[in-house]
1. Which far-off residues, 5 or more places away or on another chain, put their amide H under 5 Å from the one on Gly243, with H placed in the peptide plane?
2. Hey, any idea what the orientation-averaged projected area of the convex hull of the range 124-258's Cα atoms comes to, in nm²?
3. In a shell of Cβ-Cβ distance under 11 Å around Asn152, excluding Asn152 itself, what net charge do Lys and Arg (+1) and Asp and Glu (-1) give?
4. Of the candidates Asp90, Asp139, Asp69, which one comes out as most mobile in a Gaussian network treatment of the chain with C-alpha springs shorter than 10 Å?
5. Output the relative contact order of the chain, whole-number percent, from Cα pairs under 8 angstrom with separation of 6+ residues.
6. Pop out the ³J(HN,Hα) list for the range 219-226 in order, Karplus 6.51 cos²θ - 1.76 cosθ + 1.60 with θ = phi - 60°, rounded to Hz; leave Gly and Pro as x.
7. Using θ = phi - 60° and the Karplus relation 6.51 cos²θ - 1.76 cosθ + 1.60, list the HN-Hα couplings for the range 52-62 in order, rounded to whole Hz, with x at every Gly or Pro.
8. Match the structure shown to one of the listed values (1) 128; (2) 258; (3) 172 of volume of the Cα convex hull per residue in Å³, computed from it, and give that label.
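Every number in this text was worked out from the coordinates using simple rules, so none of it is lab data. Please read all numbers here as calculations on a predicted model, not as lab measurements. Cβ atoms come from the backbone with ideal geometry, glycine included; neighbour counts cover every protein chain shown.
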Amino acid sequence: MKIKKEPVNVWIIQKKKENITLNKEKPKKKIEDLKCNKPVKKGTHFCKKHQNCKKFLKKFTTGDEPKYDKVAWGKPYTVSSHNCYTYFLDDIMPKIRKKCSKLCKKHNKDNCPSKTSQCRKLIPQPGDEYLLEKHGNLDKKKFKYTCKEMENKILKDNSILYKEQLTKKCKKGYYKGAMVADPGNTFHFYRQNPNGSWSHKPGTLPITDKDSDKISIFIPSTANKDYSTPGDDDPINYTEFCGYYCIPKNNVAKTKAN
């Protein structure tokens, strides 16, 4: 005997599908992915309506951000021998400054203190501290400039660093830094200022709170990081954003670099 099937109510099934679709939450955009769609106000990354976005971003500072100190970081031996990595860690290293002083006196003689190009070889590199501590040499050093590789290096140098979102506070005694990469070419770091903006030290140049468009940095991931110019033999464009990291102040825990 055949069992008679009840007719299927197509309208009910369709409504259920519609409700499932309507109830699905739309994926939330992260603040670091957002940019003003309207024309931005000259000299900023924000349109006229969202100029106070800077106040919103400052809510996620801890009060432990290092001072944006152009004097301390502008001294000739510091500028010449320290880089974005030491600035990210807020480490001005007397040992390296002393070596730079000797190089200046050797190459510039009486014109010291002054910026000394030979001091560039002294700048600390991510991962070197860990290798020197573990092996006593840099024979196993890898020159792979990807986010994965660079993050591995900075966390091996300083395991007390940890990753965090832009719109979440670090724990007390910590401040935020950010890392980017020009894959296969180089890397770069930023750190947050007390007012919520960001600054960085491009190589052996002075520190700045501006991006490559000369605009103040409030969201590193959306700031212009293209430093290439027409005819460059070795153009730099940081296309890979690696993330935000929480770094302890020097009076909380001493970070290391070499």
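1. Correct list: Met179.
2. 9.0
3. Combined, the nearby Lys, Arg, Asp and Glu give +2.
4. Largest GNM mean-square fluctuation: Asp139.
5. Relative contact order, the chain: 25 percent.
6. 9, x, 5, 9, 5, 6, 10, 8
7. For the range 52-62, the Karplus-derived couplings read 7, 4, 4, 5, 4, 5, 5, 4, 9, 8, 9 Hz, x marking Gly and Pro.
8. Checked against the structure: label (2).
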